[in-house]
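Scroll down for the structure; my scribbles are underneath it.
The values are calculated or read from the model by the stated rules, or taken from the named source; none is laboratory data. The structure presented is a predicted model; accordingly, all values stated were derived computationally and were not measured. Virtual Cβ from ideal backbone geometry, glycine too; neighbours counted across all protein chains shown. Please note that ligands, DNA and RNA were not included when accessible areas were found on the heavy atoms of the full protein model with its side chains. Shrake-Rupley method; radii C 1.70, N 1.55, O 1.52, S 1.80 Å.
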Amino acid sequence: MSLLDNLKGALGGALGQAEAAALPAIIAKVMPGGLQGLLDQLSQSGYGQQVSSWLGNGANQPITVEQLRTALGNAHIDEIAQHLGIPADKAMGFLSSHLPGVVDQLSPGGNLQQSN
């Protein structure tokens, strides 16, 4: 059973830190360029200030579900939700809540590290 299969089984309840840790792998399956591609898309859509805060040493600025929806579009949202095994609205809420922290953890010194 794969990590994603295990996560899908766990998603029947509350989404938590284990699922947040899997976000880079899920995003890599959905977004061209993986997590860096997602950050580039957000920056190009006018949310570069938020992305910079996640990469920097200061406080992480939030990103809303609507901002994610605007930047990613329905096709990517639906794919992320499908990989998480939950409805799109719930997936976007989860992504909105956890993406800043995940990026922050994966960017020591402001440089995004590739996850394995």
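By a 1.4 Å probe calculation restricted to protein chains, Ser52 has an accessible surface near 70 Å², given to the nearest 10. A Cβ-based charge dipole, computed about the Cα centre of the range 19-102 with Lys and Arg at +1 and Asp and Glu at -1, lands at about 80 debye.
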